[in-house]
Amino acid sequence: MKKLLALLLVLGLIAASCGGSDESETSTDESTDDTTAEAADESTDESTDEGEEAADEASGDKTVVRWIFGGSASDSAQELESTFEAANPDIDIEIIQGPESATDLLGTYLQTFEAQSDEIDVLNIDVIWPGDLAEHLLDMYEYGAADVVDAHFPAIVENNTRDGRLVGIPFYTDAGLLYYRTDLLDKYGYDGPPATWDELEEMAQTIQDGEQADGNQDFTGFVWQGNAYEGLTCDALEWIKSYGGGEIVSPEGEITINNENAVAALEQAAGWVGTISPEGVTAFQEEEARAIWHAGNAAFMRNWPYAYSRSQSVEDDSQVVDLFGIGPLPAGPEGSPAATLGGWQIAVSKYSANPEEAARFALFLTSEEGQKINALNDSLLPTIEALYSDDEVLANTPFFADLFDVFTNAVARPSTITAPNYNQTSVAFFNAVHGVLTGETDAQTAVEELELDIADITGLELAS
Ligand code: GLC
């Protein structure tokens with residue numbers, strides 16, 4: 001009960017104090033259970049009009065709809081909020097900025113759902129969560145989604161459908177990409193970005209040595225997501241898949257992680273820590289990697305499309321404006337490049353006191369108009385195919401067209417087959433990978449232990 005009260009209090013505090021669009025320092029905290037406190041920390045320095053909104057609610061003038069999301073700062077959120085409110089004067093949207101890490105955000109959701117709290121109405125859910133969270137979410141088909149789903153990529157709609165119920169409407173999709181410095185590739189005599197991880201290693205080392213010798217001691221070859229959280233599951237799946245090492249658990253439900261290609265991939269990645277990547281990479285999430293890149297201090301970065309608009313932002317003082325390219329991640333010796341499929345959906349909590357108004361907002365966020373705001377401000381990939389031929393969108397982010405194949409062929413994490421135990425499976429996976437990166441465990445032992453852990457968690461069979 002105490003825990004529940006604390007949670008409600010923290011959520012109340014967040015709602016009262018947060019503007020939702022902050023560039024606050026990111027947390028490298030590895031714990032996953034301190035989520036609400038972290039969320040409050042991240043948001044208390046923002047003061048906005050949410051106090052007034054609480055007053056509106058009290059006076060009963062408007063219906064308050066609370067919208068929570070995680071991740072890093074979103075430039076689109078304020079515009080989405082104000083555009084919707086202008087057209088819906090009976091509704092006040094309150095933004096709650098949740099924890100940055102997807103793993104921590106899930107913790108916040110689970111606590112709120114466990115309490116059956118109506119403090120959250122509309123929530124962003126990760127592409128991997130429909131199966132784990134379905135029981136707490138409304139069926140959007142009952143709130144008008146049937147008229148709009150056909151405009152979205154069918155595979156994502158299918159991913160969000162559980163027992164015929166649409167538990168989230170697609171908001172944006174995501175795929176892992178390689179960012180590379182075109183000026184530095186030129187300077188060191190390379191024709192183009194690396195096609196394999198071995199080439200990336202060689203280029204990163206050469207450029208790092210050269211830039212450090214030129215006096216930039218902060219320069220590093222390659223930044224990525226090595227902290228023990230969902231982001232590491234994404235990066236490690238890319239290494240393993242690109243080595244021909246499978247997808248942890250196959251779509252048919254066999255646990256495949258214990259194989260020699262997966263071991264080789266993990267060994268190679270462990271070799272980057274403290275050589276072409278800083279020692280601290282094992283505590284990096286997306287934003288720590290991006291900060292180094294943004295300052296002009298990395299030759300290569302693995303990140304999602306959101307980093308494009310920030311890297312091109314003169315106002316944000318990016319040191320790499322017009323100095324970089326983006327493309328597919330490198331391939332392993334046996335495989336071809338792999339990008340992990342990411343992305344977010346808009347869901348409505350079953351415990352919402354105002355489901356009609358919440359659903360109206362969900363339909364707006366995921367509409368062509370809403371997704372265009374995301375694309376133009378934050379280079380987030382639409383799930384509505386028509387926007388990939390929108391002139392304004394293409395002029396702003398030409399890579400949407402260039403990399404269309406990468407986005408549509410991205411590899412899914414095994415969330416459908418392991419549901420409702422995907423999160424536990426992923427936690428076991430990223431902890432095992434983290435142990436290999438930090439040298440606590442060797443890769444072979446890690447995958448042998450991991451396959452047994454995943455069998456315990458899911459009840460699935462090991463591949464023979
Ligand atoms: C991005 C992806 C999401 C993934 C997360 C990991 O937000 O869209 O799917 O789980 O990164 O950090």
From (1) open to solvent by 10 Å² or more (accessible area, probe 1.4 Å); (2) part of a helix (DSSP H, G or I), pick out the condition that doesn't hold for Asn374.
(1)
Name the helices (runs of 4 or more DSSP H) wholly within the stretch 400-464 that hold at least 2 residues that are more than 17 Å from Asn258 (Cα to Cα)?
404-408, 415-418, 422-437
Sort out which residues of the stretch 425-445 are under 13 Å from Leu266 (Cβ atoms), aliphatic (A, V, I, L, M) and within 25 Å of the chain's Cα centre (by Cα), and write them in order of number.
Ala432, Val433, Val436, Leu437
Would you be able to say whether some residue in the stretch 367-387 is among the polar types (S, T, N, Q) and free of Cβ contacts under 8 Å to residues at least 60 places away in the same chain?
no
Within the stretch 228-248, which residues are more than 14 Å from the ligand (Cβ to nearest atom), among the small types (Gly, Ala, Ser) and buried (at least 24 other Cβ atoms within 10 Å of the Cβ)?
Ser242, Gly245
How many residues, within the stretch 294-333, are under 14 Å from Leu178 (Cα atoms), within 16 Å of the ligand (Cβ to nearest atom) and outside any loop (DSSP other than H, G, I, E, B)?
7
Flag for Val348 being closer than 30 Å to Asp186 by Cβ and of a type in the set (Val, Ile, Thr)
no
Out of (1) touching a Pro at 6+ places or on another chain (Cβ under 6 Å); (2) hydrophobic (A, V, I, L, M, F, W, C); (3) open to solvent by 20 Å² or more (accessible area, probe 1.4 Å), what's the single condition that is false for Ala331?
(3)
Residues within the stretch 408-462 that are open to solvent by 20 Å² or more (accessible area, probe 1.4 Å), among the polar types (S, T, N, Q) and touching a residue at least 60 places away in the same chain (Cβ under 8 Å), tallied:
9
Looking at Ala291, Ala295, Ala299, can you tell me which residue is open to solvent by less than 30 Å² (accessible area, probe 1.4 Å) and at pLDDT 95 or above?
Ala299
How about the stretch 126-175: which of its residues are among the β-branched types (Val, Ile, Thr), within 14 Å of the ligand (Cβ to nearest atom) and closer than 16 Å to Gln371 by Cβ?
Val127, Ile156, Thr173
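The values are calculated or read from the model by the stated rules, or taken from the named source; none is laboratory data. Keep in mind that this is a model prediction, so the values were computed, not measured. Neighbour counts run over all protein chains shown; Cβ positions are idealised from the backbone, glycine included. Each accessible area value is taken on the protein alone, full model and side chains, heavy atoms only, with ligands, DNA and RNA left out. Shrake-Rupley method; radii C 1.70, N 1.55, O 1.52, S 1.80 Å.
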